Amino acid sequence: MSAPHADLSCRVAWADDAEAMAAVQVAAWRQRYVDVLPTEVLDSLDATTIAAGWHAALAKPTDARNRVLVALERNTVRGYVVTSPATDPDLDPIADGELADLTVAPDATGQGHGSRLLHAAIDTMRADHFGRALVWTAAADDPLRAFYADAGWEPDGAHRTLDLTGDGTVQVKQVRLHCSI
């Protein structure tokens, strides 16, 4: 007799997933950006406002190739991934897809949800006829960069600095990774 296992899956996100996705986002951001963003910014994250944004985006995407997928454990959202045509001026939005966000709930990390989401995102981008996938990561986020490197992603030489507060007080250096799909 084999041991029981959890019902794990990925699927296209529905507008009804917005509240659960917002809860995942707030929890993940409060953990991920604790050393980057001021405490008052993290404390001000409002799940209700974020859920409304997710609901609007999921109910009426601006481009048919803007996709949002969720990782589920039974019927509970454990993470999400967003894919879209690449937006950087040096890229081709017809051939290059962007992994705009991959977020897993802090209490669900290390359980395979991120890997499932990444594979589902690549399959989705491939179905949308992208030939290459790109993602921006914080240069200092070694665990996240290692996650992508283990999946075959590598730096393409592009880098940027994001001004998160608009006044220059909180800046994040990023590197762009890519992989052929």
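Each reported figure results from applying straightforward, stated rules to the coordinates on display, with no laboratory input. Here the structure is a predicted model, which means the values were calculated and not measured. Using ideal geometry, Cβ is built from the backbone for each residue, glycine included, and neighbour counts are taken over all protein chains shown.
A few points about this structure:
- Label selected from (i) 18.6; (ii) 18.0; (iii) 17.2, the criterion being Kirkwood radius over Cα pairs in Å as computed here: (iii)
- Taking a ≥ b ≥ c as the square roots of the eigenvalues of the Cα gyration tensor, region 40-114 is prolate, since a/c reaches 1.5 or more and a/b is larger than b/c.
- Applying a DSSP loop filter and a limit of 15 other Cβ atoms within 10 Å to the chymotrypsin sites (Phe, Trp or Tyr not before Pro) in region 1-83 leaves W14.
- The convex hull built on the alpha-carbon positions of region 63-151 has an orientation-averaged projected area of 6.3 nm².
- In plain terms, the chain from A52 to A149 could stretch by 31.5 nm, reckoned as 0.36 nm per residue minus the Cα-Cα distance.
- Size of charge dipole - the chain - debye, nearest 20, with Cβ of Lys, Arg +1 and Asp, Glu -1, no other charges: 420
- Prolate/oblate/rounded call for region 1-79, Cα gyration tensor, a/c under 1.5 rounded: oblate
- Here the contact order of the chain, divided by its residue count and restricted to Cα pairs under 8 Å and six or more residues apart, works out to 19 percent.
- Surface/4 of the Cα convex hull for region 102-181, nm²: 6.2
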